[in-house]
Structures are given as structure tokens and as C-alpha cells.
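Everything below concerns the one structure shown next.
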């Protein structure tokens, strides 16, 4: 009963902070609400006994992505005047069509996605899940997903070097 109450409270916080991110006028406040949203998602992962994913959520999203958002928000000139004429390259109907397609896919998943065999959470031992979580992820990363892991690390390295070169030109 306590886990269910905690889940609903954390879910309400996630929805509330997400709504504040979208509706607030100040962009810095929106990024700070996004930090709180990511922390609530990490709390939800802890509740689901996925402590490693919770720590990665905090380190990568709260520590890295949000700092990047703050840099972008602070470097972009948000006080300039809006454009007088809309861009002719914009195609709002395309965005609308893509959003309808995503909603149709979500509805299909909700309708036909629940036909698998459900796992009984009472038969699983939470201590086994918590202790073997990091070990399982490590084994998967360095066996089955070694090549995609290395490709992703190389892409991040190239992006970092490119960002340094672009920033160095302006200094």
C-alpha cells in the first residue's frame, strides 16, 4: 500500500513539474522545473528498485543535459523582437500529421500491447533485482552491445571536439 501511495505522489509531482515546464514564462524557471522533474523521475526509478538507472538519470540529465540547457538559454538573445513575416519553410500541417501518427501509435500500443504474460512482482525478490541490476547492465554493455556502446562514445568524443573548436573560434 505504501509503494502505491508513493508511486501516485511521485507521478503527480512528475506531471505537475512537467506542466510547469511548459506553462511558465521565464525560461530559467522552466529549466529549474525540468531539474525537479528529472529528480522526481529518478525517485520513481528508486521506487522500482532500479537504483543504477536512477543515478544515471541524476548524473546525465540533471548534471549534464540541464546544464547544457542553461547555457543555451543564457547565450541565446531572448529579448529580440519577433519576426514580422512567418517563414515560408514552416509547414505546420506536417507537425500536426506527425503528432496524429504518434497518437495513433500510442493508442495501438495501449489497445494491443497488454497481451503479453504479466510478471508477478510478488514472486520476484527485490534484493536480487537491486543487487544484480548493475551487473546485468555491465554484462550487456560489454558483451551484446559493445559495438553500439563504442560507436556512441566515439560520437560523443567527436561532438565534444567539434564544440571546443567552434567555441575556440569565438574566443
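The values are calculated or read from the model by the stated rules, or taken from the named source; none is laboratory data. The structure presented is a predicted model; accordingly, all values stated were derived computationally and were not measured. With ideal geometry, Cβ positions are generated from the backbone for all residues, glycine too; neighbour counts draw on all protein chains shown.
Would you point out which residue out of 169, 136 is at pLDDT below 75 and in a helix (DSSP H, G or I)? Give the derivation first.
On the way: 136 fails: at pLDDT below 75.
It is 169.
Regarding residue 122, is this residue modelled with pLDDT under 80 and either in contact with a helix residue (DSSP H, G or I) (Cβ under 6 Å, 6 or more places away or on another chain) or farther than 24 Å from residue 46 by Cα (or both)?
On the way: modelled with pLDDT under 80: yes; either in contact with a helix residue (DSSP H, G or I) (Cβ under 6 Å, 6 or more places away or on another chain) or farther than 24 Å from residue 46 by Cα (or both): no.
The answer is no for residue 122.
Among the residues of the range 95-107, is there at least one that is assigned to a loop (DSSP other than H, G, I, E, B) and at pLDDT 65 or above? Walk me through how you get there before you give the answer.
Going residue by residue through the range 95-107, those that are assigned to a loop (DSSP other than H, G, I, E, B) are none.
So far as the range 95-107 goes, no, none of its residues is assigned to a loop (DSSP other than H, G, I, E, B) and at pLDDT 65 or above.
Tell me, please, whether a residue that is surrounded by 11 or more Cβ atoms within 10 Å (Cβ to Cβ) and at pLDDT below 80 can be found in the range 22-45.
Looking for residues that are surrounded by 11 or more Cβ atoms within 10 Å (Cβ to Cβ) and at pLDDT below 80, one finds none in the range 22-45, hence no.
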